[in-house]
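The values are calculated or read from the model by the stated rules, or taken from the named source; none is laboratory data. Quick caveat: nothing in here was measured; it's all calculated off a predicted structure. Glycine gets a Cβ as well: all are built from the backbone with ideal geometry, and neighbour counts include every protein chain shown. Each accessible area value is taken on the protein alone, full model and side chains, heavy atoms only, with ligands, DNA and RNA left out. Shrake-Rupley method; radii C 1.70, N 1.55, O 1.52, S 1.80 Å.
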Amino acid sequence: MTINTVSQLLPILQSSIGPVILISGVGLLLLTLTNRFGRMLDRARQLNQELRSGPAADKAEAIRTQIAILLRRAGILRLSITLGSVTVLLAAVLMLLLFLGAWQQLELGAIIAVVFCVALLCLIGSMLAFILDMNLALKAVRLEVKL
């Protein structure tokens, strides 16, 4: 089938833009994650300044522990943000595959299914890392409250 008119192209475009919803949702999650990452880095810098000002020995150890937790959180948040970004990338690839498959009448069902499943696995991994970050944040708050 050769596509010569816009009216022939519209149904193909409509079927291939479904993953845009996934991109929008993950985009909001990425916004949340990057905000958490920025706030966490600001807090680490603030604690580092406190440490440089020469606090009492017992307080210095607690600050070092908090900084260590923040550094661990930074790695976890980076993983979460990376997996979320890969999800968006794969959703875009999925849209392209859906469009090309419909336009050129290619049988891409297996590839589309794999790309979709990998995108969802990345999203699951991102959310698991986010949960781990929240647990570590709670641990840091508990330490701070004990100060």
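Here the 3J(HN,Hα) profile of segment 88-96, calculated from phi with Karplus coefficients 6.51, -1.76 and 1.60 at θ = phi - 60°, is 5, 4, 5, 5, 5, 4, 4, 4, 5 Hz, Gly and Pro shown as x. The accessible-area ordering, largest first, of the residues 26, 141, 86 stands as 141, 86, 26, per a 1.4 angstrom probe.
Heavy-atom surface analysis with a 1.4 Å probe gives the chain a carbon and sulfur content of 68 percent of its accessible area. The figure for residue 96 is an accessible area of roughly 100 square angstrom, using a 1.4 Å probe on the protein chains alone. Highest GNM mean-square fluctuation among 31, 70, 94, for the chain modelled with Cα contacts below 10 Å: 31. What is the sum of charges, Lys and Arg at +1 and Asp and Glu at -1, for the other residues whose Cβ falls under 15 Å from the Cβ of residue 78? Local charge sum for residue 78: +3.
Comparing 100, 120, 77 in a Gaussian network model of the chain, where Cα atoms under 10 Å apart are tied by springs, the biggest mean-square fluctuation is seen for 100. Once you've got the GNM for the chain with C-alpha springs shorter than 10 Å, pick whichever of 21, 69, 112 has the biggest mean-square fluctuation. Taking springs between Cα atoms under 10 Å, the residue moving most is 21. Taken over the Cα atoms of the chain, the convex hull encloses 97 Å³ per residue. Seen from residue 58, the other residues with C-beta closer than 13 Å to its C-beta sum to a net charge of +2, counting Lys and Arg as +1 and Asp and Glu as -1. The angle between the Cα long axis of helix 20-52 and the main principal axis of the chain comes to about 20°, on a 0 to 90 degree scale.
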